[in-house]
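These notes concern the structure reproduced below.
The values are calculated or read from the model by the stated rules, or taken from the named source; none is laboratory data. Predicted, not measured: the structure shown is a model, and the values here were computed from it. FYI the Cβ positions are ideal-geometry reconstructions off the backbone, even for glycines, and counts take in every protein chain you see. The accessibility values were calculated without ligands, DNA or RNA, using every heavy atom of the protein model including side chains. Shrake-Rupley method; radii C 1.70, N 1.55, O 1.52, S 1.80 Å.
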Amino acid sequence: MTKNFIGRPALTGNLESVQRPFLISGPCSAESREQVLETAARLAQSGVHLLRAGIWKPRTRPNGFEGRGVEALDWLVEARQTHGMPVATEVANAQHVEACLKKGIDVLWVGARTTVSPFAVQEIADALRGTQVPVMVKNPMHADLPLWMGAIERMQHAVNAPVWAIHRGFSKYGQQEYRNAPMWEIAIALQMAMPELRIICDPSHIAGRTDLIPFVAQKAMDLGMHGLMIESHCNPAQALSDATQQVTPQEFSDLIRQLTIRDTKTGAAHAENLDALRLRMDSIDEQVIELLHARMSLAREIGRYKSEHGMTILQMGRWKEVFDTRGAWAAAAGLGSEFIATYLEQVHKESIRVQNEEMTQKKSSN
Ligand code: PEP
Ligand code: MN
């Protein structure tokens, strides 16, 4: 018997034996006993393997809802007893781990804000040392693969249980289509570096809005990821955290039913096939387009500035500098000079068109 489980066998075997997709769902935060129990009751009928709920919520700004704390652990335990579903929550420090071990929480996860800090990750690993509690490690907020791998390794060295990864996307400055950029190529690189590792995708935190979740979830399945963590709430509009990205248990179950699950070889083998290469290319094109959009927004701002200060759009000195520096960067990266010259000319042309539009608008509004 292990130190973490109170009166029930370790989940270790079960967790590993579940066929893909392994399904994790539940509210972003445990808000009340009734909410946790009602969500669990409804999810139990949707084939969910693991019930999730945040107890301690890492909030970006003070005064947000910070979770119900230790008392909410009892609600999770009650949900498990009533519905037979193992339960999971996020831990960010040793006290959280101790509280979860005491209550026999089945699975713990390390959140994206914690994975960025090797001190915090090591503290959690030390608190878990020698236990048989499975741990899931979310990717760090920023796109740093070695940091993600380091956190996974710290957990693998500490626990005698499975350690999985959760891909929840990467934070980016400014407004984007996704709340967190998926950058699928990083999850694929992780799978290639650690072929035995199981990776769960968290479409809720990638998408940030419910209409994008099915698309992200399908893409994760097409990439051969092992499962999905999707936030659900009986009344999403009233949720105390992440209200825009939570689906109802019914929507969760519809979404899962509509997924196409293709058979995978091992993750690494799959990552090498043509589909996976194309998905990596899609992801890169998506980022290139986002960056071009950001560049054109800046061009628009520059157009406004020039217009307000009576400057000309075309300034040959600046254009020559752009052309020369980018040309040199491209050459250093091994890109063809003709290709990059054509690209820069097109970008410049579009930038002038956008600035022109700003000036004309300004004139007509005068
Ligand atoms: C969460 O799962 O509710 C959460 C806070 O996630 P992340 O660490 O990915 O932001
Ligand atoms: Mn959340």
- Query: In this structure, does A72 turn out to be at pLDDT 95 or above, over 19 Å from S204 (Cα atoms), within 14 Å of ligand 1 (Cβ to nearest atom) and of a type outside the set (V, I, T)?
  - Reply: yes
Residue hits (the range 201-249; within 11 Å of ligand 1 (Cβ to nearest atom) and of a type in the set (V, I, T)) are I206, I230
Scanning the range 183-212 for residues that are within 16 Å of ligand 2 (Cβ to nearest atom) and crowded, with 24+ Cβ neighbours inside 10 Å gives I200, C201, D202, P203, S204, H205, I206, A207
Within the range 191-218, restricting to residues that are part of a helix (DSSP H, G or I) and modelled with pLDDT under 95, the one that is nearest to G111 (Cα to Cα) is Q191
The correct count of residues that are touching a Leu at 6+ places or on another chain (Cβ under 9 Å) and assigned to a loop (DSSP other than H, G, I, E, B) in the range 68-98 is 2
In the set G13, G7, the lone residue that is part of a helix (DSSP H, G or I), out of contact with any strand residue (DSSP E or B) (no Cβ under 8 Å at 6 or more places or on another chain), under 23 Å from T131 (Cα atoms) and modelled with pLDDT under 95 is G13
Selection over the range 74-96 where residues are within 24 Å of P146 (Cα to Cα) and away from ligand 2 (no atom under 16 Å from the Cβ) yields a count of 2
Screening Q258, Q245, Q250 for residues that are in contact (Cβ under 8 Å) with a residue 24 or more places away in the chain and touching a Ser or Thr at 6+ places or on another chain (Cβ under 6 Å) leaves only Q245
### Message
Within the range 332-339, does at least one residue satisfy the condition of being open to solvent by less than 70 Å² (accessible area, probe 1.4 Å) and modelled with pLDDT of 90 or more?
### Response
yes
Within the range 99-115, of all residues that are of a type in the set (G, A, S) and part of a loop (DSSP other than H, G, I, E, B), the one farthest from ligand 2 (Cβ to nearest atom) is G104
